[in-house]
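Student: Sharing a structure, written as structure tokens. Questions coming.
No value in this document is a laboratory result; all are computed from the given coordinates. All values reported here derive from a predicted model rather than from experimental measurement. Here the Cβ is made from the backbone with ideal geometry for all residues, glycine too, and neighbour counts use every protein chain on show.
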Amino acid sequence: MTSMTLDPPLTNPLPPGSELVAGVDTHKNTHHVAILDLVGRPVADREFRADGRGYAQIVAFLHAHGDVVRIGVEGTGSYGAGLARALTTAGLTVIEVARQDRQARRRRGKSDPLDAHQAAVAVLAGTDTAIPKSGDGAVESMRILLAERRSAAKARAQVMNQIHALLITAPELVRQAFRALSGQRLVNTLAKTRPGTITSPDPAVVARQTLRRFAVRHLTMQAEIDLIEQQLEMLVRQVNPTLLSLSGVGPVTAATLLVAAGDNPERLGTRASFAALAGVAPIPASSGQRTRHRLSRGGNRHANAALHRIVLLRMRHREPRTMAYFERRRSEQLTDRDIMRCLKRHVANEIYAALLNPATDNPVGRELRARRQAKGIPISVLAATLGVPYQRLRRLEIGTRADPELEASLRPSGSPTPTRSPGQPSPRETGPDTSHTAPMHVPAAPESSSLDLRPLLAGPR
């Protein structure tokens with residue numbers, strides 16, 4: 001039986017100036033590099049250690065064999081992350097290569113040299129390749145914080161489940177003492193209890209001691225989550241405060257979407273690419289005369305969940321655009337589940353526009369605040385005159401939330417429609433087709449708000 005090995009390296013030297021490609025099979029401790037010419041013939045391959053010294057040797061190895069124009073690296077988000085950063089710093093073009101499927105591995109065999117060779121072939125063919133995340137900015141810090149937050153949230157939920165389970169089986173005196181409490185009140189009460197000495201063999205005392213330790217652990221996890229969310233909000237405001245101005249988007253949701261796109265969101269060439277990344281792009285499943293699409297189960301599921309939360313929040317707060325869209329699509333006999341899937345695709349288009357245009361300016365709120373202060377009108381009086389909550393008006397002034405409805409009430413009748421910045425879609429185009437491919441556009445922040453405070457001065461001064 002012949003062994004499955006690569007062809008021997010070329011014996012004839014390549015002509016000067018020949019362009020090459022390379023592929024890297026990454027592992028925890030070693031990386032295997034294979035170099036091919038543009039015809040697909042093997043030039044050289046070698047194994048290196050997966051550390052800083054090994055990365056420098058890989059760069060020298062690539063330069064020693066000629067002009068390597070593209071390098072395909074497997075697992076740029078895991079074992080290949082450090083190598084991808086080192087190659088990018090060295091000025092080399094890195095391409096993320098998907099791992100072979102099981103069928104290809106069974107047919108061709110599997111080894112480190114074979115996998116590295118196949119990665120280089122994928123770069124040549126342009127199949128299953130993508131631009132990797134740079135992983136060198138504030139978004140990478142968000143990814144680390146989100147991973148920590150998910151761990152803390154899971155531990156917090158587990159502790160709460162253990163508290164409820166113990167209260168079910170605890171002695172009756174213990175159960176009776178805490179029967180009327182639930183949620184955070186239960187945790188706070190348990191944390192303040194004094195269950196007695198640890199030497200007592202009484203099950204009631206031991207149960208109280210355990211419940212108190214569970215409650216302290218829950219509060220610790222909650223404090224960690226609060227601290228993480230503060231850091232996330234600070235980073236999001238530095239990177240892309242525009243996301244926080246969108247309805248239904250909070251710091252955790254914004255950070256999740258930023259992490260999905262990476263420090264270099266421009267790598268996603270179209271909004272369809274971002275939709276596919278977030279798992280909201282339908283997959284064609286047509287056959288013959290039947291045309292249909294099926295739901296995508298792939299993509300970044302954290303980003304998909306973030307889009308789902310945005311839609312749920314907009315429905316809960318009855319955002320006018322969302323509710324109008326629901327009514328229109330219901331009249332077309334679509335189910336609520338299908339409508340939510342369409343809305344998720346619309347929100348993905350909205351998020352994609354914000355990712356590529358992280359504007360920090362808030363002309364509407366800034367002009368409102370300046371003219372209000374010039375007239376000497378307290379914000380609480382202005383809010384009462386408009387009949388809106390104080391917090392809602394304040395969010396508009398400081399730019400943490402967009403509020404088209406409130407902006408429209410402050411704009412005099414007959415004033416021109418606010419202009420849109422280049423690349424921003426029209427807010428009236430909100431009707432998607434059944435395949436979820438049509439965009440849902442949102443009103444952009446106007447360059448000139450044309451605010452008129454004269455109708456507001458009739459209230460108390």
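Student: Rounded to the nearest 20 debye, what is the charge dipole size of the range 207-316 about its Cα centre when +1 sits on each Lys and Arg Cβ and -1 on each Asp and Glu Cβ?
Tutor: In total the dipole reaches around 680 debye.
Student: Rounded to the nearest 0.05, what FRET efficiency do T189 and E229 have when you use their Cβ-Cβ distance and R0 = 22 Å?
Tutor: 0.35
Student: Also: Apply the Karplus curve 6.51 cos²θ - 1.76 cosθ + 1.60, θ = phi - 60°, to the phi angles in the range 203-216 and return the couplings in whole Hz, x for Gly and Pro.
Tutor: Each residue of the range 203-216 in turn: x, 5, 5, 5, 5, 5, 4, 5, 4, 5, 5, 4, 5, 5 Hz.
Student: Over the range 140-230, one equal point on each Cα, no solvent: what is log10 I(q)/I(0) by the Debye formula at q = 0.12, 0.18, 0.23, 0.25 Å⁻¹?
Tutor: -0.42, -0.77, -1.08, -1.22
Student: Going out from 0 in 5 Å bins, what whole percent of all Cα-Cα distances in the range 251-340 drops into each bin?
Tutor: Bins of 5 Å from zero give 3, 12, 17, 20, 20, 16, 9, 3, 1, 0 percent of pairs.
Student: Further, regarding this structure: Given N residues in the range 73-158, what is its alpha carbon radius of gyration divided by 2.2 N^0.38 Å?
Tutor: 1.38
Student: Here is a follow-up. By the gyration tensor of its Cα atoms, with a ≥ b ≥ c the square roots of the eigenvalues, what is the shape of the range 17-124: rounded for a/c under 1.5, prolate for a/b over b/c, or oblate?
Tutor: Verdict is oblate for the range 17-124.
Student: What order, most packed first, do the peptides 91-99, 73-81, 386-394 have when packing is the mean number of other Cβ atoms within 10 Å of each residue?
Tutor: Highest-to-lowest ranking by the protection proxy: 73-81, 91-99, 386-394.
Student: May I ask you to list the trypsin sites (Lys or Arg not before Pro) in the range 262-327 that are in a DSSP loop and have at most 16 other Cβ atoms within 10 Å of their Cβ?
Tutor: The qualifying sites are R292, R297, R318.
Student: Modelling each spin label as a point 7 Å along the Cα-to-Cβ direction, I'd like the I168/Q289 distance in nm, to one decimal.
Tutor: Placing both labels 7 Å beyond Cα along the Cβ direction yields 5.6 nm.
Student: Give me Rg/Rg_expected for the range 59-102, where Rg uses Cα atoms only and Rg_expected = 2.2 N^0.38 Å with N residues.
Tutor: Taking N as the residue count of the range 59-102, the ratio is 1.20.
Student: Separation between the A305 and Q333 pseudo-spin-labels, each 7 Å from Cα along Cα→Cβ, expressed in nm?
Tutor: Calculated label separation equals 3.6 nm.
Student: Same structure, new question: Given just the C-alpha atoms of the range 303-391, how large is their convex hull per residue in cubic angstrom?
Tutor: Each residue corresponds to 129 Å³ of Cα convex hull volume.
Student: Sticking with the crude label model, points 7 Å out along Cα→Cβ, report the distance from R237 to V216 in nm, one decimal please.
Tutor: 3.4
Student: Could you pull out every one of the aspartates and glutamates with an alpha carbon less than 17 Å from that of K110, ignoring same-chain neighbours closer than 8 positions?
Tutor: The reachable aspartates and glutamates, counting only those whose Cα sits under 17 Å from K110, are D7, D25, D45, E47, E74, D101.
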